[in-house]
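Below: one structure, written as structure tokens.
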Amino acid sequence: MTDIMQDPTRLEIQTVEEAVVNALRNEIVQLRLAPGTRLRMAGIAEWAGVSLTPARQALRRLEAEGLVISHVRLGSRVAPLTREDGEVVMTVCNALERRLIAIGVPKLTDEDLDEVTRLAGWREDSVQSGDEEGLIESSFQLRDLVYQRADRPHLYREAMAWRQRQQRYLRYARHSVSNSHIEFRREFTAFTTACLARDSTAAQAALQHIEERLQQWLQEMLEEE
């Protein structure tokens, strides 16, 4: 495994277990640990520089999140990407996010709208330069701005937990389909326009369209494997 603990300031305020969980989760979400990869407890402990106990606890927590699967005889592996799981993940995320949009979009402040414009510009620059990470990050930050404005902390935390599982599928789709950024350009523009108009109905519709198309893509791609 590569060393991904690049923010020691952040890790200092976490427990050892949380640090290992967050680092390992990031590897899985970023697809640097591919679906099906064997996860040996001793290897994780050595990689993270911890004892076996936090490594074991990290695997259990990630199993509860649906990112790891464990069997008595086969050990632990990164959870596979499947049609059934992908459908559940996308459906739940879509429902949670649409609720946050319904509450948050009308509450956007003038300062928020300036930030929406900035993030939309960043996303467009990322499209032009082919910067996939910038494309993903700008899109998520735009949505997070709306979700946080909803001021529903429990709902927000639940949405973010499901997003961890969703991100693997989104990255898989982007890596598997050429010019995916162009495919969704119109929908993201519609979402941005709706946010700037504080039109929650239009924003929900734009996100719904994006999620439906992504789900269709994933179903077709996973069927082919």
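Structure summary
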| read-out | value |
| --- | --- |
| Protection-proxy order for peptides 189-197, 80-88, each taking the mean of Cβ atoms within 10 Å per residue, highest first | 189-197, 80-88 |
| Karplus-derived HN-Hα couplings along region 77-93 (A = 6.51, B = -1.76, C = 1.60, θ = phi - 60°), whole Hz, x at Gly and Pro | 9, 5, 4, x, 8, 10, 4, 5, 5, x, 5, 5, 4, 5, 5, 5, 4 |
| Which of Leu119, Val78, Ala173, positive extreme of dipole for region 74-199 (C-beta unit charges) | Val78 |
| Solvent-accessible area of Tyr156 with every protein chain in place, 1.4 Å probe, in Å² to the nearest 10 | 50 |
| Estimated dipole of the chain in Debye, rounded to 20 [Cβ of Lys and Arg +1, of Asp and Glu -1, Cα centre] | 700 |
| Protein accessible area in the chain, 1.4 Å probe - carbon and sulfur % | 49 |
| Crossing angle, helix 153-176 versus the chain [Cα axis fit, 0-90 degrees, rounded to tens] | 80 |
| Amide N proximity, region 192-225 versus Leu113 label position 7 Å along Cα-to-Cβ, cut-off under 19 Å | 192-204 |
| Range of Cα positions in region 31-116 per principal axis (Å), largest first | 53, 32, 20 |
| Overall Cα dimensions of region 73-166, principal axis frame, Å, largest first | 56, 35, 20 |
| Sequence of His154, His71 when ordered by accessible area, the most exposed leading, probe 1.4 angstrom | His154, His71 |
| Cα centroid separation - region 206-225 against region 130-157, whole Å | 20 |
| Simple Cβ-charge dipole of region 74-170, Lys/Arg +1 and Asp/Glu -1, about Cα centre, in debye nearest 20 | 580 |
| Structure-based [θ]222 nm, the chain - -39500 (n - 2.57) summed over DSSP H runs of at least 4, per residue, nearest 500 | -24000 deg cm²/dmol |
| Zero-based 5 Å bins, Cα pair distances in the chain, whole percents | 1, 6, 13, 16, 18, 16, 13, 9, 5, 2, 0, 0 |
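The values are calculated or read from the model by the stated rules, or taken from the named source; none is laboratory data. A quick note: this is a predicted structure, and the numbers were derived from the prediction, not measured. We place every Cβ from the backbone using ideal geometry, glycine too, and count neighbours over all the protein chains shown. These area figures cover heavy atoms from the full protein model, side chains too; ligands, DNA and RNA do not enter into them. Shrake-Rupley method; radii C 1.70, N 1.55, O 1.52, S 1.80 Å.
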